[in-house]
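Read-outs: derived from the displayed coordinates by stated rules, not from any lab. Bear in mind the structure is a predicted one, so any value in this text is a computation, not a measurement. No Cβ is skipped: glycine too gets one built from the backbone with ideal geometry, and neighbour counts run over all protein chains shown.
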Amino acid sequence: MITILTRRILSLIITLLAVSLLVFSVMNLLPGDPASIMLGTSASPDTLAALQKQMGLDQPLPLRYLAWLAGVLQGDLGNSYTYSVPVAGLIAERLAVTLPLALMAVVLSVAIAVPLGVTAARYRNGPVDFFVGLFSYAGIAMPGFWVGLLLILLFSSSLGWMPAGGFPGWDAGLGVGLKALLLPAVSLALAQAGVLTRVARTSVIEVMNEDFVRTARAKGLGESAALWRHAVPNALIPVVTMLGLQFTFLVAGAVLVENVFNLPGLGRLAYQALSQRDIIVMQNVVLFFAALVIIMNFLVDLAYLVIDPRLRAKAQ
Amino acid sequence: MVFSSFVSVTRRAALGLTVAGVAVLAAQGHAFAAPKTSVTLGMAVEPGGLDPTIGAQVMIGQVTWQNVFEGLTTIDKDGKVVPLLAESWVVSPDGLTYTFKLRQGVKFHDGEAFDSSTAKFTLDRARGADSVNPQKRYFSTIDTVETPDAATLVLKLKQPTGSLLYWLGWPASVMVAPKTADNNKVTPVGTGPFKFVSWAKGSQVELAKNADYWNKAVSVTLDKASFRFIGDAQAQAAALKAGDVDAFPEFGAPELMDSFKGDARLVTVVGNTELKVVAGMNNATKPFNDKRVRQALMMAVDRATVIEGAWSGLGTAIGSHYTPNDPGYIDLTGTWPYDVEKAKALLADAGYGNGLTFTIKAPQMAYAQRSAQILQAMFAEIGVTMNIETTEFPAKWVSDVLKAANYEMTIVAHAEPMDLDIYARDPYYFNYKNPAFNEVLQKVQETADPAEQSKLYGEAQKILADDVPSLFLFVMPKLGVWDGKLKGLWENEPIPSNVLTDVHWVE
């Protein structure tokens, strides 16, 4: 177990280093220079040179990479070109929106998908299964940002129950904050729930056909008891795998949904930084996303060990 | 408890209570009826930083100009230059010495006094060797800045600069204090009627009334103003309809303007901006080095159709790089009127009777993409094939087109007011060189007489309209959508701004 963990952590660090080099190269090879964007269409060459010097853009690339890496290792991500404030603080501020949003979406999608998927499996090929299937395909087919627009039209513009977007900040109170995140979380969750429902249904059906479930039924266990006590726990592994993969999709999907709902989250920060060529913010945000994906995968592997005793035994 | 005594009230007492209740409600109603003193304005793009003296984005000025920061002069809603921190000035007959009498008793928001030394600091900072002022060229003719006393500022110029007073009114020329200048990007400190309160990055900027504002002649009724940043046009519309924002002075999507018609609470106001949409050509390379080709292309364009297709018919056609807001504007859209046959003939005359193929680098913005597609169809009518290459704005466009002039044709909205002089700049991406035009602009700077300047600007417009260094298409409208009870916002935009001084609510 310990060796497995050590090996995983080592590979995690190497992957992150490789990602950092890649991200830095790509960001700095992109056409467009942040200084000339800040100075606009009227700036003269000497003004541009002065700003580039001020921003440290006149330094050679390898030096800038090493300086960035050294900073990151010490927890200093540098200062944003556009905002002129530390990037670490910016990311932390934005995370306070994006993380709760993604978590809410995960919880919602699991809460919708597992019962629906299991029910569809229980009554497979019947009308319930058909309607659940319809729901999940619709969920997958509708892009999150479009669902978001529809939700805004209905709940904000027509009914006036919910804010049309924006985030008042957690200082305004937990309830107010959660309310602002509810519609975006629903728009993100629907697509995820669609996928998860399919996965849960298929997985449960597969397990229901296994010998041990038949044995349980033969012992005299009812359909529901066999389902919930034996089939569902064994069907969870694919669901958890999917959840791990989807968490990263959620963070990516947040870029669009945050734009529709005007939430000051990490996705919108990345989007703005890219268009302004705020390279330093881009580097750090992409590195952060990459770290998130790698760590999520690591956590999913750990979750297998918790769910499946057989894997635990093998690890020992 | 107060209410326990009412448990066994008589009928009459109950009636009395009801009356009292109504009275209380009425009183409350009256309290609510008092005009609101806060406003939330929506903007499409968040500025990067709040110091207009070090960044070119128009959004910086749209938050801070005349609200937080003030200049020696300013530009009013009709586009006229008026005194602000300089209460008056005298220009020497040779046009080389400007003597400003500065207002006294002006204080920055941190209590620091404004005087001639502050003004000197600001101007020296803007024109110095390390300056990163986006309009540094506007200060280039200043030779020396002298401060004979605290209330007098003397500028000695190297050559007459007729536009100096106008340029001093720009956002890039606002007065900043030595102590706070370096931090203005994050925490702006100016002399204006509003103080900076906070900036929730990615979300909003908050300003509050400056109780110690020097100009007692204006009465600012707003206590609080917020600028909220909403990029998506649908989200902008939703925020307006839900009442989350009180106004969107520059709404982003003309095709959604009709959707506000059913809303009795909101009004829509279509005004003018300085955003000139022009399709610039590389005048140094073939085939655009032949002005007959440029003129032929201009004749192939039906501006009304371009405006209809690109911006829902909202916008004003222009015949040169000048807007109806600007002094001395002449309508020159008839110089090369839409005429397919004549365009073909002129093209054949230039040796392109068998057609012509080139590429336009069009930014991703809706107006640019749509205009490019319509131009493509119009050029096809005269046998010209135009390929469209989408070029990311600002980053790639700035490096490819603006800096490297590596393009044939492009299309972009020029935001700077009165920037006719870009056609006289060398280098500039048009690569347009016409000594006669440069001479006219030089004469504009040699006179300080507005009437004479207007006349000269007229000549300059005519030269451009005739030479067609760019295809002059249209001026973007200022699409304002706001609560009908909100008054005092500018309808036109002679300079990108959201001046809050006169903004107030009525019942």
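Can you list the HN-Hα couplings for the stretch B:404-411, worked out from phi with the Karplus curve (6.51, -1.76, 1.60; θ = phi - 60°), rounded to whole Hz and with x for Gly and Pro?
Going residue by residue, I get 9, 6, 9, 6, 9, 9, 9, 8 Hz, with x marking Gly and Pro.
About the Cα centre of the protein assembly as shown, how large is the charge dipole given +1 on each Lys and Arg Cβ and -1 on each Asp and Glu Cβ? Please answer in debye to the nearest 20. Don't skip to the answer; put the middle values down first.
On the way: 65 positive and 71 negative charges, 590 e Å.
In debye, rounded to 20, the protein assembly as shown gives about 2840.
Express in whole angstrom the spacing between the alpha-carbon centres of the stretch B:245-264 and the stretch B:120-158.
Between the Cα centre of the stretch B:245-264 and that of the stretch B:120-158, the gap is 42 Å.
Along the positive direction of the dipole of the protein assembly as shown (beta-carbon charges: Lys, Arg +1; Asp, Glu -1; about the Cα centre), which of B:VAL68, B:PRO287, B:THR323 reaches farthest?
So the residue we want is B:VAL68.
What number, in percent, do you get for the relative contact order of the stretch A:88-315 if the mean sequence gap of Cα pairs under 8 Å and at least 6 apart is divided by its residue count? Spell out each step's value before the answer.
Numbers: 253 pairs, mean separation 62.3, N = 228.
Reported as a whole number, the value is 27 percent.
Using all C-alpha to C-alpha distances in the stretch B:31-176, build P(r) with 5 Å bins and read off the rounded percent in each one.
2, 9, 17, 21, 20, 14, 7, 4, 3, 1, 1, 0, 0
Taking 25 °C and 0.890 mPa s as the conditions, I'd like the Stokes-Einstein D for chain A in µm²/s, using the Kirkwood hydrodynamic radius from alpha carbon pairs.
On the way: Rh = 22.5 Å.
Reported coefficient: 109 µm²/s.
What's the Kirkwood radius of the stretch B:449-507 in Å, using all Cα pairs? All intermediate terms of the calculation are to be shown ahead of the outcome.
Details: mean 1/r = 0.0663 Å⁻¹.
Averaging 1/r across every pair of different Cα atoms and inverting gives 15.1 Å.
Can you work out ³J(HN,Hα) from phi for every residue in the stretch B:68-73, in order, using Karplus 6.51 cos²θ - 1.76 cosθ + 1.60 and θ = phi - 60°, giving whole Hz and x for Gly and Pro?
Once rounded to whole Hz, the list reads 9, 10, 10, x, 5, 10.
For every helix of n ≥ 4 consecutive DSSP H residues, a contribution of -39,500 (n - 2.57) applies; sum these over chain A, divide by its total residues, and give [θ] at 222 nm rounded to the nearest 500 deg cm²/dmol. Working shown, then result.
Working: 13 runs with 235 residues, N = 316.
When only DSSP H runs of four or more count, the value is -25000 deg cm²/dmol.
Given points 7 Å out from each Cα along the Cα-Cβ axis, report the B:LYS224 to B:VAL90 separation in nanometres with one decimal.
4.9
Percent of Cα-Cα pairs per 10 Å bin, from 0 to the last occupied bin, for the stretch B:225-335, please list those.
For the stretch B:225-335, the binned pair fractions read 11, 33, 28, 18, 9, 1 percent.
Under a no-solvent Debye model with one identical scatterer per Cα of the stretch A:59-160, what's log10 I(q)/I(0) at q = 0.13, 0.15, 0.20 Å⁻¹?
At q = 0.13, 0.15, 0.20 Å⁻¹ the computed log10 ratios are -0.76, -0.85, -1.09.
Based only on Cα atoms, what Rg/Rh ratio does the stretch B:176-274 have, Rh being taken as Kirkwood's radius? Intermediate values should be presented prior to the final figure.
Values: Rg = 16.8 Å, Rh = 16.1 Å.
Using only Cα positions, Rg/Rh for the stretch B:176-274 is 1.04.
Using +1 on the beta carbon of Lys and Arg, -1 on that of Asp and Glu, and nothing else charged, what's the dipole of the stretch A:88-315 about the Cα centre, debye to 20? Let's see the in-between values first.
Values: 15 positive and 11 negative charges, 106 e Å.
It works out to roughly 500 debye.
I'd like to know which of A:MET27, A:ALA49, A:VAL128 lies farthest towards the positive end of the charge dipole of chain A, counting +1 on Cβ of Lys and Arg and -1 on Cβ of Asp and Glu.
Going by the Cα projections, it comes out as A:VAL128.
Normalized C-alpha radius of gyration of the stretch A:32-76, against 2.2 N^0.38 Å?
Details: Rg = 13.0 Å, N = 45, 2.2 N^0.38 = 9.3 Å.
Taking N as the residue count of the stretch A:32-76, the ratio is 1.39.
Averaging over all projection directions, find the projected area of the Cα convex hull of the stretch B:276-475 and quote it in nm² with one decimal place.
Numbers: hull surface 40.6 nm².
Averaging across all directions leaves 10.2 nm² for the Cα convex hull.
What's the center-to-center distance, using Cα atoms, between the stretch B:59-114 and the stretch A:252-282 in Å?
37
What do you get for the angle between helix A:2-29 and the principal long axis of chain A? Use alpha-carbon atoms, 0 to 90 degrees, nearest ten.
In chain A, helix A:2-29 runs at an angle near 40 degrees to the longest axis.
Can you list the residues, at least 5 places off or on another chain, whose amide H is less than 5 Å from the amide H of B:LEU356, using H built in the peptide plane?
B:THR385
Would you mind telling me the antiparallel percentage of the DSSP bridges in the protein assembly as shown, rounded to 5?
Working: 53 of 70 bridges.
DSSP beta bridges in the protein assembly as shown are roughly 75 percent antiparallel.
Can you tell me the convex hull volume per residue for the stretch A:120-201, based on C-alpha atoms, in Å³ to the nearest whole number?
Values: hull volume 9.0 nm³, N = 82.
In the stretch A:120-201, the Cα hull volume divided by residue count equals 110 Å³.
Going by amide H atoms built from the backbone, whose H comes under 5 Å of the H on B:THR333, apart from near neighbours?
The list, which skips near neighbours in sequence, is B:GLY319.
What lysines sit close enough to B:LYS136 to cross-link, taking a C-alpha to C-alpha distance under 20 Å and skipping anything fewer than 8 places away on the same chain?
Straight-distance partners of B:LYS136: A:LYS53, B:LYS120, B:LYS156, B:LYS158, B:LYS185, B:LYS403.
Calculate the dipole size of chain B relative to its Cα centre from +1 charges on Lys and Arg beta carbons and -1 charges on Asp and Glu beta carbons; express the result in debye to the nearest 20.
Values: 46 positive and 56 negative charges, 204 e Å.
About 980 debye.
Which angle from 0 to 90°, rounded to the nearest 10, does the C-alpha axis of helix A:45-54 make with the longest principal axis of chain A?
Taking Cα atoms only, the helix is inclined about 60 degrees.
Sort out for me the Cα centre separation of the stretch B:363-424 from the stretch B:279-351, rounded to whole Å.
Using only Cα atoms, the two centres lie 13 Å from each other.
Quick one: net charge around A:TYR123, please, counting Lys, Arg +1 and Asp, Glu -1 for every other residue with C-beta under 13 Å from its C-beta.
Working: positive: A:ARG122, A:ARG124, A:ARG201; negative: A:ASP129, A:GLU223.
Here the charged neighbours net out to +1.
What is the extension gain from B:GLU507 to B:ALA345, computed as 0.36 nm multiplied by their sequence separation minus the C-alpha to C-alpha distance, in nm to one decimal? Intermediate results must be reported in sequence, preceding the final value.
Values: separation 162, 0.36 × 162 = 58.32 nm, distance 6.18 nm.
Fully extending the segment from B:GLU507 to B:ALA345 adds 52.1 nm.
Under the Kirkwood approximation applied to all pairs of distinct alpha-carbon atoms, what is the hydrodynamic radius of the protein assembly as shown in Å?
Values: mean 1/r = 0.0328 Å⁻¹.
Computed over the protein assembly as shown, the radius equals 30.4 Å.
How large is the Rg to Rh ratio of the stretch A:130-263 when both quantities use alpha carbon positions and Rh follows Kirkwood?
Expressed as Rg/Rh, it is 1.13.
Rounded to the nearest 0.05, what FRET efficiency do B:VAL197 and A:VAL306 give with R0 = 51 Å and r taken as the Cβ-Cβ distance? Could you check? All intermediate terms of the calculation are to be shown ahead of the outcome.
Working: r = 48 Å, r/R0 = 0.95.
Working from the Cβ atoms, E equals 0.60.
Before rounding to the nearest 500, sum -39500 (n - 2.57) across all DSSP H runs of length at least 4 in chain B and divide by the residue total; then give [θ] at 222 nm in deg cm²/dmol.
Numbers: 11 runs with 129 residues, N = 507.
So the helix-based figure for chain B works out to -8000 deg cm²/dmol.
Test of the criteria: in the stretch B:251-351, which trypsin sites (Lys or Arg not before Pro) are in a DSSP loop and have at most 10 other Cβ atoms within 10 angstrom of their Cβ? Show your work: numbers first, answer last.
Details: sites: B:LYS261, B:ARG265, B:LYS276, B:LYS291, B:ARG292, B:ARG294, B:ARG303, B:LYS342, B:LYS344; in loops: B:LYS261, B:ARG265.
Those that pass, being in a loop and sparsely packed, are B:LYS261.
Would you mind calculating the gained length between A:PHE130 and A:LEU159 on full extension (0.36 nm times residue separation, minus the Cα-Cα distance), in nm to one decimal? Present the calculation step by step, with values, prior to reporting the outcome.
On the way: separation 29, 0.36 × 29 = 10.44 nm, distance 3.12 nm.
Using 0.36 nm per residue and subtracting the Cα-Cα distance, I get 7.3 nm.
From zero outward in steps of 10 Å, how is the percent of C-alpha pairs of the stretch B:365-431 spread across the bins?
Answer for the stretch B:365-431: a P(r) of 18, 45, 34, 4 percent.
Largest first and to the nearest Å, give the Cα extent of chain B along each principal axis.
Projected onto the principal axes, the Cα atoms of chain B cover 103, 60, 37 Å.
Using only Cα atoms, tell me the angle between helix A:232-260 and the longest principal axis of chain A; keep it within 0 to 90° and round to the nearest 10.
In chain A, helix A:232-260 runs at an angle near 30 degrees to the longest axis.
Given an 8 Å cut-off on Cα distances and at least 6 residues of separation, report the relative contact order of chain B as a percent. Can you show the working numbers first?
Working: 1040 pairs, mean separation 105.3, N = 507.
Across chain B, relative contact order equals 21 percent.
Which FRET efficiency value, to the nearest 0.05, is calculated for B:GLU381 and A:ARG214 with the Förster distance at 45 angstrom and r the Cβ-Cβ distance? Write down the numbers at each step before the final one.
On the way: r = 75 Å, r/R0 = 1.67.
With R0 = 45 Å, the Cβ-Cβ based efficiency is 0.05.
Go through B:ASN492, B:VAL81, B:THR144 and say which Cα lies farthest out towards the positive end of the charge dipole of chain B; charges sit on Cβ, +1 for Lys and Arg, -1 for Asp and Glu.
My answer, from the dipole projection, is B:ASN492.
Once you keep just the Cα pairs under 8 angstrom separated by 6 or more residues, what percentage relative contact order results for the stretch A:249-316? Write down the numbers at each step before the final one.
On the way: 28 pairs, mean separation 10.9, N = 68.
Relative contact order for the stretch A:249-316 comes out at 16 percent.
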